[in-house]
Number of protein chains: 4
Amino acid sequence: MKQETIDRIRKFTSDRDWEKFHSPANLAKSISIEANELLECFQWDEEHYNLDDVREELADVIVYCRNMLDKLNLDEDEIVNDKMSKNEAKYPIDKSKGKSNKYNKL
Amino acid sequence: MKQETIDRIRKFTSDRDWEKFHSPANLAKSISIEANELLECFQWDEEHYNLDDVREELADVIVYCRNMLDKLNLDEDEIVNDKMSKNEAKYPIDKSKGKSNKYNKL
Amino acid sequence: MKQETIDRIRKFTSDRDWEKFHSPANLAKSISIEANELLECFQWDEEHYNLDDVREELADVIVYCRNMLDKLNLDEDEIVNDKMSKNEAKYPIDKSKGKSNKYNKL
Amino acid sequence: MKQETIDRIRKFTSDRDWEKFHSPANLAKSISIEANELLECFQWDEEHYNLDDVREELADVIVYCRNMLDKLNLDEDEIVNDKMSKNEAKYPIDKSKGKSNKYNKL
């Protein structure tokens, strides 16, 4: 995400004095709530979804993830790279290629 | 997110031939599932969470969001800015300052 | 659910002195968390699920719903019948038959 | 739940010819979606929730759980008792009393 987009999200929160609502737990709830509004786009029909709705709900999830990164002073690239290192170790290419099994069932 | 981090996520998927599992609906389910592993960090105690767990679960949500952006050819900054424009209109500063009410109850 | 099953759930909680963790908010989080463990049974393949896993995760959701009914002194039949009356009014048979549209898009 | 309430739920579905939408996966998504509408009642304030909203959203979760029991021909008492037996074994009273630790951290 570009710095100006990150700044816009931060300004939106601070302009409204909403930092006080952004406890990590409240943000975790919010990410789940928005993730389920996204899921609702695919509730009964997984093929014929409304792309405008998907765009909006996915954006909501992403914004709350950014709020949580900010709240906890986390660096997005750092936590993602740390997790990708774990994922790469848990899912060796030769064992997991083309298979959707969970790592403990490979 | 830096381009090299995005590339690493993409390579992880393509190395394992997992694009075929990444339907938009499956990714929506995955975002919700990971969001709830994040929520589990705050299930019974919202103050004393394990930051390492939070980092990992938040990273999982972010990675699946990136997968969905890729799958649908969406630009993260574009969809976030479009949504922020809506949010700014729905939550005027003077009406929403310091309040957590939903826009339809302001 | 039979009264003896309800009693068993209640005894499980009280034997462990866990009522103190069962705030309505914590139970709402728990229902969502367990609902997503259920959803995980269908994450990548919606046809070939493990029925034993589905049984267990669905039971977990049901148990937390019972905990919340108890916590809030709600009668299951009463709240379900109240909601069914609303659903029946929102989804008239002639308009909704065979269609999965949300009530505001009928 | 009383048999007449169960029958009312079944009639609601069959009157609308909605069994065709009730795949186990779609019902799992629906349980998660409704669980998160319930969670939304506690998103920013866990103490001052709207009880009418909580009643309705909890009822929605319960109705979809009933739909899934029906779809998979599961007996609610049987699956709950089977799970309670596991829970009782995983959380011995002497080790778990008064503690919210997960079983693998007792």
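Taking interchain pairs and intrachain pairs at least six residues apart, which have beta carbon atoms under 7 angstrom, with the first residue in the range C:41-62 and in contact (Cβ under 8 Å) with a residue 24 or more places away in the chain and the second among the small types (Gly, Ala, Ser) and part of a helix (DSSP H, G or I)? Pairs that qualify, where the first residue is in contact (Cβ under 8 Å) with a residue 24 or more places away in the chain and the partner is among the small types (Gly, Ala, Ser) and part of a helix (DSSP H, G or I), are C:Val61/C:Ala35.
The set of residues in the range B:85-100 that are in a helix (DSSP H, G or I) and either more than 7 Å from chain A (Cβ to nearest Cβ) or surrounded by fewer than 14 Cβ atoms within 10 Å (Cβ to Cβ) (or both) comprises B:Ser85, B:Lys86, B:Ala89, B:Lys90, B:Ile93, B:Asp94, B:Lys95. Scanning the range D:66-79 for residues that are buried (at least 21 other Cβ atoms within 10 Å of the Cβ) and more than 9 Å from chain C (Cβ to nearest Cβ) yields a single hit, D:Asn67. If you go through the range C:30-60 and keep only what is open to solvent by 10 Å² or more (accessible area, probe 1.4 Å) and either part of a helix (DSSP H, G or I) or small (Gly, Ala, Ser) (or both), you end up with C:Glu34, C:Glu37, C:Glu40, C:Leu51, C:Asp52, C:Asp53, C:Arg55, C:Glu56, C:Glu57, C:Asp60.
Sub-7 Å Cβ pairs linking a first residue in the range B:4-24 that is more than 7 Å from chain A (Cβ to nearest Cβ) and touching a residue at least 40 places away in the same chain (Cβ under 8 Å) to a second residue that is basic (Lys, Arg) and part of a helix (DSSP H, G or I), at least 6 apart or interchain, are B:Ile6/B:Arg66; B:His22/B:Lys71, ordered by first then second residue.
For the range A:41-87, residues that are within 22 Å of B:Phe42 (Cα to Cα) and among the hydrophobic types (A, V, I, L, M, F, W, C) total 10. Can you name every residue in the range A:14-29 that is in a helix (DSSP H, G or I) and either out of contact with any Phe, Trp or Tyr (no Cβ under 9 Å at 6 or more places or on another chain) or more than 20 Å from B:Met1 (Cβ to Cβ) (or both)? Of everything in the range A:14-29, those that are in a helix (DSSP H, G or I) and either out of contact with any Phe, Trp or Tyr (no Cβ under 9 Å at 6 or more places or on another chain) or more than 20 Å from B:Met1 (Cβ to Cβ) (or both) turn out to be A:Ser14, A:Asp15, A:Glu19, A:Lys20, A:Phe21, A:Pro24, A:Ala25, A:Asn26, A:Ala28, A:Lys29. For B:Asp52, the test of being charged (D, E, K, R), more than 9 Å from chain A (Cβ to nearest Cβ) and more than 15 Å from the chain's Cα centre (by Cα) is passed. Pairs linking a residue in the range D:73-84 that is over 15 Å from D:Leu27 (Cβ atoms) and assigned to a helix (DSSP H, G or I) to a residue that is modelled with pLDDT of 95 or more and of a type in the set (S, T, N, Q), with Cβ atoms under 7 Å and 6 or more positions apart or on different chains, are D:Asp77/C:Thr5; D:Val80/C:Thr5; D:Asn81/C:Thr5. Against the list (1) more than 7 Å from chain D (Cβ to nearest Cβ); (2) part of a helix (DSSP H, G or I); (3) hydrophobic (A, V, I, L, M, F, W, C); (4) open to solvent by 10 Å² or more (accessible area, probe 1.4 Å), the condition C:Val63 fails is (1). So which residues in the range A:35-49 are more than 8 Å from chain B (Cβ to nearest Cβ) and within 30 Å of B:His48 (Cα to Cα), if there are any at all? Result: A:Glu37, single match.
The values are calculated or read from the model by the stated rules, or taken from the named source; none is laboratory data. Owing to the predicted nature of the structure, the values given are computational and were not obtained by experimental measurement. In this analysis, Cβ positions are derived from the backbone assuming ideal geometry, glycine residues included, and neighbour counts consider all displayed protein chains. All accessible areas refer to the heavy atoms of the entire protein, side chains included, with ligands and DNA or RNA removed. Shrake-Rupley method; radii C 1.70, N 1.55, O 1.52, S 1.80 Å.
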